[in-house]
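What follows is a short report on a single structure.
The values are calculated or read from the model by the stated rules, or taken from the named source; none is laboratory data. Just so you know, these numbers come straight off a predicted model, no measurement behind them. FYI the Cβ positions are ideal-geometry reconstructions off the backbone, even for glycines, and counts take in every protein chain you see. With ligands, DNA and RNA removed, areas are computed over all heavy atoms of the protein, side chains included. Shrake-Rupley method; radii C 1.70, N 1.55, O 1.52, S 1.80 Å.
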Amino acid sequence: MTHRQIAVFTALVSATSWTGAHAAPAPVPLNPPAESTIPAGPEGDAIKLGKLLITDTRNRLPNNVGNGLNCSNCHLGAGTVAYSGPYVGLWGMFPEYRTRGANINSLQDRINDCFQRSMNGKALAYDSKEMNAMLMYMRWLSTGVPTGTPVAGRGMGKVDTTLKPDPIHGKQIYTQKCASCHGAQGEGLKNETGYVFPPVWGNASFNIGAGMARTYTAAAFIKHNMPLGQGNTLSEQDAVDVAEFVTHQPRPPYAPATNDYAKGNKPKDARN
Ligand code: HEC
Ligand code: HEC
């Protein structure tokens, strides 16, 4: 290359902000679209069905749900709230490499992971009406978010993983600040249509292979969102303590978890 060609090449590279494979774009604000923007017609019908399946999962998909939960019990506001696994922007994030399975996951794979683990149930068929409805809902929620760009508040957030959990203190916090809704035995509170307050341990809860069964993931969710309506009132240490207590109470097994992180990068709070 001549000097001039090098200069042009360098200018082009910086103009397209091409900085190599590891550059992650800065997050954009989490701005879910207004409900009124759901279009009329078949696509709008699918978006609305997808939302309904997220909030009433247990009643509407009894063959795929093996516990008492709905997706929106953890993905608050049907996937519109920061630090509770928002779905906004996910349309342009998947397919994505994930270390747990050490492979590229489609958005369908990721949804089915939560069916099998968080919902202790069975995968949905990839081309089913229900899977497509959930995808349509997530696509609509992602309107305006550039491809490959996460939203601020993606995932459950983070807590300091060097904090040492104290489950005895965690149990005290649970009794004081959680049991009024989730029950003394973590069993939740049910009415005739389902749970008003979801179970946090026992057979009707998420299984051992779920992300929420990991101390620091649960701690981050709890810190930001619990007690419901009083997010960010617990200290990080209290959140870690109560998360350790709750996650290590009895819950359903998940045999395939023994294959998780087979290629390394196992987080210290993994349960397999
Ligand atoms: C018990 C809590 C819980 C329930 C119930 C649950 N999930 Fe999740 N979900 C999680 C956790 C934890 C993560 C991982 C978040 C992270 O990466 O920090 C997650 C991640 C996801 C992701 C990927 C998010 C991202 O940013 O990459 C999708 C999509 C998803 N869940 C869909 C669902 C669907 C659909 C359902 C219902 C069928 C469901 N989840 C039920 C806890 C739950
Ligand atoms: C005022 C009632 C209330 C209190 C108090 C409360 N929660 Fe929750 N919690 C809820 C509700 C309701 C949901 C589901 C939210 C939804 O569906 O929108 C939830 C969801 C959860 C979930 C995810 C779903 C599941 O069942 O696993 C966890 C974990 C959780 N809470 C833990 C806690 C912990 C720990 C505390 C105490 C620090 C606590 N909560 C205090 C009402 C409460």
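Scan segment 246-272 and report the pairs whose first residue is closer than 17 Å to ASN203 by Cβ and whose second residue is exposed (fewer than 15 other Cβ atoms within 10 Å of the Cβ), with Cβ atoms within less than 8 Å and a gap of 6+ or a chain change.
ARG251/ASN203; PRO252/ASN203
Any idea which of (1) surrounded by fewer than 19 Cβ atoms within 10 Å (Cβ to Cβ); (2) within 28 Å of PRO95 (Cα to Cα) is the one THR193 doesn't satisfy?
Condition (2) is where THR193 drops out.
From the residues in segment 247-272 that are hydrophobic (A, V, I, L, M, F, W, C) and under 18 Å from the mean Cα position of the chain (by Cα), which one is farthest from ILE173 (Cα to Cα)?
ALA257
For segment 17-34, name all the residues that are surrounded by fewer than 10 Cβ atoms within 10 Å (Cβ to Cβ) and modelled with pLDDT of 95 or more.
Passing the criteria: ALA26, ALA34.
Does ASP238 qualify as being open to solvent by less than 50 Å² (accessible area, probe 1.4 Å), assigned to a loop (DSSP other than H, G, I, E, B) and among the acidic types (Asp, Glu)?
no
I'd like to verify a number: residues in segment 242-272 that are touching a helix residue (DSSP H, G or I) at 6+ places or on another chain (Cβ under 6 Å) and either over 15 Å from LYS158 (Cα atoms) or more than 10 Å from ligand 2 (Cβ to nearest atom) (or both), how many?
Number satisfying all stated conditions: 7.
Just for segment 182-221: of the residues that are without any contact (Cβ under 8 Å) to a residue 24 or more places away in the chain and over 21 Å from VAL65 (Cα atoms), which one is farthest from ligand 1 (Cβ to nearest atom)?
Per the stated criteria, the residue is ALA184.
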